[in-house]
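The values are calculated or read from the model by the stated rules, or taken from the named source; none is laboratory data. Here the structure is a predicted model, which means the values were calculated and not measured. FYI the Cβ positions are ideal-geometry reconstructions off the backbone, even for glycines, and counts take in every protein chain you see. Just the protein is used for accessible areas: all its heavy atoms, side chains included, with ligands, DNA and RNA removed. Shrake-Rupley method; radii C 1.70, N 1.55, O 1.52, S 1.80 Å.
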Amino acid sequence: MSATTEKTPVDFWFDPLCPWAWMTSRWVLEVEKVRDIEVRWHVMSLAVLNEPRLDELPEQYQEMMRTQAWGPVRVVIAAQEEHGAEVLGDLYTALGTRIHNRGEGPTKEAVAGALEEVGLPASLLDHWDGTKYEAELRASHKEGIDKVGQDVGTPVIAVPGADGNQIAFFGPVVTPAPKGEEAAKLWDGTLLVASVPGFYEIKRTRTQGPIFD
């Protein structure tokens, strides 16, 4: 009898609005094919993150936070609360494909199409302007952001380290999303540097936007 290998849980916090989180999520799904990991999806919110510093942000970004950031993430947290966290992966894929790859943007129409695609009720759109699950949204956001601090954004990834304690980090920010063994190499390297006590940052200026493929 062969022993079964338990997959390593990888907790991933996302906001469907963010194109860079979308890129990272597609990379992690590639890693899932070549490493013994299992992604568990969680909701975080750029609108919540930026509340304390909204007036300090560029005017265009402020407008996006006020008019585009709340609706989609409210629908996603409602889907989680009413249908279980297991629906988040497929829903995020449907949302991201429409919002980012197809260029539909974070509109009600895009979200409605995603709900229909994954078999979730259109009534979830009723939460677009509602706050019924705001406490749950803020709690999920806090769980993720508390692992890495307020100076970063989405996505947040957390994995168990060698000692059993979680290693958490923001990113990586990468485009296009690596595939196959390239995805695995980036995963292995990311975990290697993230596991070093006192390691905080590697960064360079972005010279291109997200490449959706």
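Quick notes on this structure:
- Lone unmet requirement of (1) modelled with pLDDT under 95; (2) of a type in the set (A, V, I, L, M, F, W, C); (3) in contact with a strand residue (DSSP E or B) (Cβ under 8 Å, 6 or more places away or on another chain) for A162: (3)
- E143 vs. criteria assigned to a helix (DSSP H, G or I), acidic (D, E) and in contact (Cβ under 8 Å) with a residue 60 or more places away in the chain: yes
- Candidate set: the stretch 55-113, residues that are assigned to a loop (DSSP other than H, G, I, E, B) and out of contact with any Leu (no Cβ under 8 Å at 6 or more places or on another chain); chosen: the one surrounded by the most Cβ atoms within 10 Å (Cβ to Cβ): E104
Each row is one residue, and each column tells you yes or no for (1) at pLDDT 95 or above; (2) in a loop (DSSP other than H, G, I, E, B); (3) among the polar types (S, T, N, Q).
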{"residue": "W13", "(1), (2), (3)": "yes, no, no"}
{"residue": "L17", "(1), (2), (3)": "yes, yes, no"}
{"residue": "W22", "(1), (2), (3)": "yes, no, no"}
{"residue": "R26", "(1), (2), (3)": "yes, no, no"}
{"residue": "E30", "(1), (2), (3)": "yes, no, no"}
{"residue": "R40", "(1), (2), (3)": "yes, no, no"}
{"residue": "V48", "(1), (2), (3)": "yes, no, no"}
{"residue": "R53", "(1), (2), (3)": "no, no, no"}
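- Checked across the stretch 43-55, the condition of being of a type outside the set (A, V, I, L, M) and touching a Gly at 6+ places or on another chain (Cβ under 6 Å) holds for no residue.
- Across the stretch 180-210, the number of residues qualifying as at negative phi, touching a helix residue (DSSP H, G or I) at 6+ places or on another chain (Cβ under 8 Å) and open to solvent by less than 100 Å² (accessible area, probe 1.4 Å) comes to 7.
- Among the residues of the stretch 16-54, those identified as of a type in the set (V, I, T) and either buried (at least 20 other Cβ atoms within 10 Å of the Cβ) or within 18 Å of A168 (Cβ to Cβ) (or both) are T24, V28, V31, I37, V39, V43, V48.
- Candidates A183, A177, A158 - the one that is in contact (Cβ under 8 Å) with a residue 12 or more places away in the chain, assigned to a helix (DSSP H, G or I) and not charged (D, E, K, R): A183
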